[in-house]
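Asker: The structure that follows is given in the form of structure tokens.
Rule-based calculations on the coordinates, nothing more; no lab input. Note that this is a predicted model, so its numbers are computed, not measured. Cβ: placed from backbone, ideal geometry, glycine included. Neighbour counts: every protein chain shown.
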């Protein structure tokens with residue numbers, strides 16, 4: 001499969017052509033983008049629409065643990081939760097994936113075998129991205145060899161902010177190649193890019209480099225995902241496809257804790273890029289505590305009242 | 001599977017519409033002397049909401065007399081600080097009853113609850129708060145050490161923002177020490193009548209605010225009444241001209257806020273996604289029933305195709321329907337008469353050779369509806385580029401150079417507002433200096449604030465409302 005269709009093929013021919021292309025993208029007006037996101041956040045999603053959105057959101061969750069204190073036991077527990085988020089409710093769907101550090105991939109693969117839940121591994125010196133490229137690529141190959149279905153890489157924000165766009169692009173392309181059959185999610189760490197113009201450019205860079213998904217944040221930097229950032233990235237994915245590129249998914253991660261927030265993101269997806277992106281194949285939530293609020297709201301919708309938080313498992 | 005939003009209607013049980021209303025004169029709801037009843041309907045369903053009075057000449061006499069008495073005996077003698085207290089009280093009561101007033105506004109006017117809730121009501125309350133603050137500081141407003149009020153003001157307001165236009169008229173008039181007789185529009189009297197109740201709740205001295213309902217005849221009788229010192233009108237240029245004629249030669253002071261045919265100018269370096277939002281907000285906000293609507297899109301030819309593609313894609317996501325549904329973007333056209341005007345002008349657009357494109361969405365069976373519509377291939381010579389349509393109809397024109405953009409934008413008898421979309425700050429300032437419009441929005445549209453003056457050039461009227469400038473219209477300076 002060609003990574004970039006003919007209309008976009010020349011863009012990455014040299015550092016100059018790439019820079020000119022990225023600077024030629026329509027600018028983003030900060031006030032306008034934030035106002036649009038805020039307007040969409042006022043949509044009122046009730047009853048059947050809410051039930052639909054909650055189930056969809058559960059199916060889109062990348063259940064994540066990325067801590068120094070992660071152990072095989074913790075990962076196995078998380079995998080059990082991923083398979084059956086609400087053990088008391090068989091109608092509750094499984095989540096999309098479990099996201100862990102590379103060394104814990106074998107544990108997750110074992111625990112999720114036969115479940116359909118995918119294993120995602122962060123790589124490329126997550127979260128800072130500060131390591132020699134060979135080290136990053138070795139990390140990717142290792143995680144893929146261990147059975148990871150998806151790789152969440154970070155871009156080199158230092159290179160991006162220094163204007164070395166082609167370096168960022170080439171690194172994404174190299175990781176893409178190292179991924180083999182595994183899906184590649186490219187984390188932009190939008191909190192460090194600071195402007196929406198940068199978010200739009202980095203989104204295009206990642207997509208031109210071969211990303212299957214573009215992802216907002218590592219979750220280790222504040223601010224993490226915000227609604228306007230997601231809006232700008234979705235617009236980029238929409239425009240990339242319209243320009244002859246592939247369809248690229250979007251993952252929002254970090255700081256999304258409530259079902260209400262998740263539904264707001266789904267509204268932004270719905271009214272920016274539409275149905276095509278409203279499946280776990282094309283939109284994901286990277287989160288941990290979000291899942292329990294989704295489950296609680298799901299139960300509330302079914303029974304009419306809130307359950308005790310201890311009705312839901314902590315992991 | 002599509003993500004369908006379930007109906008999310010705002011409850012209308014919060015409003016209590018009486019089967020009939022009288023006139024608010026001298027602090028009380030009174031029966032008319034020579035007025036005749038007429039019905040007000042919900043434009044989204046054609047359901048009759050209530051019966052109101054078309055006030056007759058003798059009713060107007062009574063109202064003006066009540067205002068004169070209140071002016072002479074109470075209001076003009078009150079210190080500014082006391083007037084301010086009443087205005088703050090009115091502002092707080094509007095806030096407290098905001099949900100009820102928003103629902104009532106949407107029922108009577110047809111505008112989406114999202115807009116009445118998030119725009120009309122907050123702005124109406126903010127206007128009262130703002131002018132309440134001026135009431136005791138008039139000596140520092142730059143109109144001399146002790147500026148005097150004018151006396152009794154006759155105010156006639158339109159149907160597009162009924163309560164907000166009431167706030168724009170009543171708040172500065174009261175803050176400066178005038179008393180008022182206000183006539184709301186024929187099709188949207190209900191929030192003004194609810195405001196009458198709020199005046200009673202606030203224990204505003206009787207006669208300071210009088211509200212007489214009715215249509216054009218009532219409005220004419222009011223503005224021609226010899227007992228007025230001031231006439232303020234917001235509405236069509238045609239009626240504004242008649243009023244200017246009738247007031248000429250009298251001692252009445254006059255301010256007019258009339259029509260517009262604003263240009264939204266999109267340069268090739270504009271933030272396109274946000275420009276599209278601005279275009280949508282500019283012309284489809286409030287079904288295009290906005291005097292400062294960006295009804296002409298002037299887009300640089302080099303990006304016209306891209307902008308139109310994005311615009312049409314965006315328009316397909318607009319949700320048209322029940323004004324009380326919290327997810328509705330486009331509500332009902334305010335009246336059968338207005339709908340007819342929009343239809344006629346759209347047909348003229350087609351006949352004159354412009355290409356018509358409408359959003360493909362089902363329209364409700366009952367009520368007055370018109371789908372968001374875009375005309376491309378429009379030139380300056382087309383009537384749809386010159387006449388104010390006052391509906392959800394956008395005329396798209398192109399330009400090649402910045403000078404041409406300004407020339408086309410100014411080539412209209414109106415001059416109320418304009419918009420500039422560019423990433424270049426210097427070009428914004430360059431354009432704003434050359435656009436003959438009372439308001440120039442840069443990279444945004446339809447933004448309002450009580451601190452900011454609003455008003456027109458040329459046939460869009462004269463005088464300013466809002467801000468410090470808005471005080472001048474009600475002071476003897």
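Asker: Could you list, in sequence order, the residues of segment A:145-154 that are closer than 17 Å to residue A:210 by Cα and surrounded by fewer than 23 Cβ atoms within 10 Å (Cβ to Cβ)?
Answerer: Answer for segment A:145-154, where residues must be closer than 17 Å to residue A:210 by Cα and surrounded by fewer than 23 Cβ atoms within 10 Å (Cβ to Cβ): just A:149.
Asker: Can you pull out the residues in segment B:297-310 that are closer than 15 Å to residue B:357 by Cα and surrounded by fewer than 22 Cβ atoms within 10 Å (Cβ to Cβ)?
Answerer: B:305, B:308, B:309
Asker: If I filter segment A:26-42 for residues that are crowded, with 19+ Cβ neighbours inside 10 Å, within 14 Å of chain B (Cβ to nearest Cβ), touching a strand residue (DSSP E or B) at 6+ places or on another chain (Cβ under 6 Å) and under 19 Å from residue A:230 (Cα atoms), do I get at least one hit?
Answerer: No.
Asker: Residue by residue through segment B:1-49, note down the ones that are touching a residue at least 60 places away in the same chain (Cβ under 8 Å), part of a loop (DSSP other than H, G, I, E, B) and within 14 Å of chain A (Cβ to nearest Cβ).
Answerer: Within segment B:1-49, B:5, B:7, B:8, B:10, B:11 meet the criteria.
Asker: If we scan segment A:56-63, do we find a residue that is touching a strand residue (DSSP E or B) at 6+ places or on another chain (Cβ under 7 Å), more than 11 Å from chain B (Cβ to nearest Cβ) and farther than 13 Å from residue A:262 by Cβ?
Answerer: yes
Asker: Only one of A:111, A:148 is touching a helix residue (DSSP H, G or I) at 6+ places or on another chain (Cβ under 7 Å), outside any helix (DSSP H, G or I), within 25 Å of residue A:83 (Cα to Cα) and touching a residue at least 12 places away in the same chain (Cβ under 8 Å); which? Quick ask: steps written out before the conclusion?
Answerer: Numbers: A:111 fails: outside any helix (DSSP H, G or I).
It is A:148.
Asker: Another one. Sort through A:103, A:62, A:142, A:89 and tell me the only one that's under 24 Å from residue A:294 (Cα atoms) and not in a strand (DSSP E or B).
Answerer: Details: A:103 fails: under 24 Å from residue A:294 (Cα atoms); A:62 fails: not in a strand (DSSP E or B); A:142 fails: under 24 Å from residue A:294 (Cα atoms).
None of the others qualify; the one that does is A:89.
Asker: If you don't mind, another one. Considering only segment A:123-131, I want to know if a residue exists there that is out of contact with any helix residue (DSSP H, G or I) (no Cβ under 9 Å at 6 or more places or on another chain) and either surrounded by fewer than 16 Cβ atoms within 10 Å (Cβ to Cβ) or in contact (Cβ under 8 Å) with a residue 24 or more places away in the chain (or both). Before the answer, list the steps.
Answerer: Initial filter on segment A:123-131 (out of contact with any helix residue (DSSP H, G or I) (no Cβ under 9 Å at 6 or more places or on another chain)): A:127.
Then keep just the ones that are either surrounded by fewer than 16 Cβ atoms within 10 Å (Cβ to Cβ) or in contact (Cβ under 8 Å) with a residue 24 or more places away in the chain (or both); that gives A:127.
Yes, the conditions are met somewhere in segment A:123-131.
Asker: May I pose another question? Read through the list (1) within 18 Å of residue B:184 (Cα to Cα); (2) surrounded by fewer than 22 Cβ atoms within 10 Å (Cβ to Cβ), then give the number of the only condition that residue B:15 fails.
Answerer: Exception for residue B:15: condition (1).
Asker: Something else about it: (1) part of a helix (DSSP H, G or I); (2) within 10 Å of chain B (Cβ to nearest Cβ); (3) touching a helix residue (DSSP H, G or I) at 6+ places or on another chain (Cβ under 7 Å); (4) buried (at least 19 other Cβ atoms within 10 Å of the Cβ): which one isn't true of residue A:51, the others all being true?
Answerer: Residue A:51 satisfies every listed condition except (4).
Asker: If I ask for residues that are in a helix (DSSP H, G or I) and either more than 12 Å from chain B (Cβ to nearest Cβ) or over 21 Å from residue A:186 (Cβ atoms) (or both), which ones from segment A:261-288 would you list?
Answerer: A:261, A:262, A:263, A:264, A:266, A:267, A:270, A:271, A:275
Asker: I would also like to ask the following. Hey, does segment A:228-245 have a residue that's touching a residue at least 24 places away in the same chain (Cβ under 8 Å) and more than 28 Å from residue A:192 (Cα to Cα)?
Answerer: Scanning segment A:228-245 turns up at least one residue that is touching a residue at least 24 places away in the same chain (Cβ under 8 Å) and more than 28 Å from residue A:192 (Cα to Cα).
Asker: How many residues are part of a helix (DSSP H, G or I) and either within 11 Å of chain B (Cβ to nearest Cβ) or surrounded by fewer than 16 Cβ atoms within 10 Å (Cβ to Cβ) (or both) when one looks only at segment A:12-25?
Answerer: Going residue by residue through segment A:12-25, those that are part of a helix (DSSP H, G or I) are A:12, A:15-23.
Narrowing further to those that are either within 11 Å of chain B (Cβ to nearest Cβ) or surrounded by fewer than 16 Cβ atoms within 10 Å (Cβ to Cβ) (or both): A:15-17, A:19-20, A:23.
Of the residues in segment A:12-25, 6 are part of a helix (DSSP H, G or I) and either within 11 Å of chain B (Cβ to nearest Cβ) or surrounded by fewer than 16 Cβ atoms within 10 Å (Cβ to Cβ) (or both).
Asker: Also: If you take the residues of segment B:260-282 that are in a loop (DSSP other than H, G, I, E, B) and more than 13 Å from residue B:418 (Cα to Cα), which of them is farthest from the other protein chains (Cβ to nearest Cβ)?
Answerer: By that ranking, first place goes to B:267.
Asker: Within segment B:346-363, how many residues are assigned to a loop (DSSP other than H, G, I, E, B) and touching a helix residue (DSSP H, G or I) at 6+ places or on another chain (Cβ under 9 Å)?
Answerer: 3
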